[in-house]
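The values are calculated or read from the model by the stated rules, or taken from the named source; none is laboratory data. Bear in mind that the values here come from a model prediction, so they are computed numbers and not experimental data. Glycine gets a Cβ as well: all are built from the backbone with ideal geometry, and neighbour counts include every protein chain shown. In case anyone asks, the SASA skips ligands and DNA or RNA and just uses the protein heavy atoms, side chains included. Shrake-Rupley method; radii C 1.70, N 1.55, O 1.52, S 1.80 Å.
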Amino acid sequence: MLAVGKVLDGKALAEETLHKLKVEIEGLNRQPTLHVLVSKHDPASVSYVKMKCKAANKIGAKLREFLIDDDHSQEDMENLIKSLNENSAVDGILVQHPLPSHLSEQKILALLDPKKDVDGISPLSLGALASRMPGHRAATPLGIMRLLKHYDIEISGKNALVIGESQILGRPMALMLLNAGATVSIAHKQTRDLEGHVGRAEILVSATGVANLVKAHWVRGGTAVVDCGYASADGQVCGDVECIVKEKASYTTPVPGGVGPMTVATLMSNLVDATRFLGAA
Ligand code: GUN
């Protein structure tokens, strides 16, 4: 009989990860330091960065925020990245997406020293992932891979569907599943017959932010469902997938409490890796 209704408890695994990182940092000869560039006028970004700051405090790392205002130019931001790259007291740099629309996020990310790109979303880090070379891996999809591994979910040979093609999530997620041996499809806004694609998936990762986009009856029995969505509908917090899917899926992530905490914990784990590497250099 297929296992049904199990929960991928990202909150619990994230707590366990943060605890291990705190112990690890106590044994390092430097305090990990992360610099975050965040748009001052984007409340969601500011609140995500607060969560990252809380986790950093918990493990004994330092997080410095740079609030980007409307009068910061592209040149200001590029000079800031260059100086953070050169600064030996900085272990990690994170550019919180989205930046204000007058800035080119891609040009800024392209300047990041890959050794300090602890969010793993710069072109060089994504290229390293695509070519299976060493480098920091994108925090959210790596957190999801760790969650799947923690629950012994087999990936090799499975049909995996990723809904959403973002640089932060969908694209690196698909590459990580591919590198782990899955047969991967990516669905996006131009995809026809989403229902048909969902019906073939044995591992489903949805990252669109469209509440209840994926209907529970589309999902085949026994699928592992990872829901990265977080939106509100009818006054309730919802994911991308109708929550009654838990009655037929083998595993589901709670929304909230699944993917979000794993993103933060994995970012901290990348930061500790960067600190160890840069400290040894
Ligand atoms: N915006 C929302 N989530 C993320 C994330 O994980 N990383 C970055 N850089 N920006 C985000």
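General remarks:
- Assigned charges on the beta-carbon of Lys, Arg, Asp, Glu; the chain dipole about Cα centre (debye): 720
- Only Cα pairs under 8 Å and 6+ residues apart enter the sum, and on that basis the relative contact order of region 203-281 stands at 29 percent.
- Amide H within-cut-off set for residue 184, under 5 Å, with H built and near neighbours excluded: 160
- Inter-label distance for residue 76 and residue 104, nm, one decimal - labels placed 7 Å from Cα along Cα-to-Cβ: 1.9
- J(HN,Hα) series, region 89-102, from Karplus relation 6.51 cos²θ - 1.76 cosθ + 1.60, nearest Hz, glycine and proline x: 7, 9, 9, x, 10, 10, 9, 6, 8, x, 7, x, 5, 7
- 222 nm mean residue ellipticity, helices alone, for the chain (DSSP H n ≥ 4; -39,500 (n - 2.57); rounded to 500): -12500 deg cm²/dmol
- In region 198-281, the chymotrypsin sites (Phe, Trp or Tyr not before Pro) that fall in loop regions by DSSP, at most 13 other Cβ within 10 Å: none
- The loop-placed trypsin sites (Lys or Arg not before Pro) in region 63-138, going by DSSP, that have at most 13 neighbouring Cβ atoms within 10 Å of their Cβ come out as 132.
- Heavy atoms of residue 252 accessible to a 1.4 Å probe, total area in Å² rounded to 10: 20
- Here the ratio of the Cα radius of gyration of region 86-204 to 2.2 N^0.38 Å is 1.17.
- A Förster radius of 30 Å, combined with the Cβ-Cβ distance separating residue 31 from residue 152, puts the computed FRET efficiency at roughly 0.30.
- Hypothetical label at residue 88: residues of region 250-281 whose amide nitrogen lies under 19 Å (7 Å Cα-Cβ projection): 274-281
- Each semi-axis of the equivalent ellipsoid for the chain is √(5λ) with λ an eigenvalue of the Cα gyration tensor; in descending order they amount to 32, 21, 18 Å.
- Based on C-alpha pairs under 8 angstrom that are at least 6 apart in sequence, region 84-152 has a relative contact order of 24 percent.
- For region 188-193, 3J(HN,Hα) per residue [Karplus equation, 6.51 cos²θ - 1.76 cosθ + 1.60, θ = phi - 60°, Hz, x = Gly/Pro]: 8, 4, 8, 5, 9, 6
- Relative compactness, region 1-74, computed as alpha-carbon Rg over 2.2 N^0.38 Å: 1.52
- Per-peptide average of other Cβ atoms within 10 Å, ordering 160-169, 28-37 highest first: 160-169, 28-37
- Region 1-42 and region 133-201: distance between their alpha carbon centers, rounded to Å: 20
- Its residues counted as N, region 139-281 yields a C-alpha radius of gyration over 2.2 N^0.38 Å of 1.06.
- Relative contact order of the chain, defined on C-alpha pairs under 8 angstrom at six or more residues apart (%): 24
- Less than 5 angstrom separates the built amide H of residue 66 from those of 36, 37, 38, all sequence-distant by 5 or more or on a different chain.
- When the surface is traced with a 1.4 Å probe over the full set of protein chains, residue 227 keeps roughly 10 Å² accessible.
- Solvent-accessible area, 1.4 Å probe, carbon plus sulfur percent, for the chain: 53
- When the charge dipole of region 178-281 is built from unit charges on Cβ atoms (+1 for Lys and Arg, -1 for Asp and Glu) and taken about the Cα centre, the candidate among 204, 256, 231 whose Cα reaches farthest toward its positive end is 204.
- Take the Cα of residue 192, step 7 Å toward its Cβ, do the same at residue 20, and the gap between the two points is 4.6 nm.
- Where labels lie 7 Å past Cα in the beta-carbon direction, separation of residue 236 and residue 7 in nm: 1.6
- 23 Å Cα-Cα reach of residue 11 towards lysines, excluding residues that sit fewer than 8 places from it in its own chain: 20, 22, 50, 52, 54, 58, 62, 149, 246, 248
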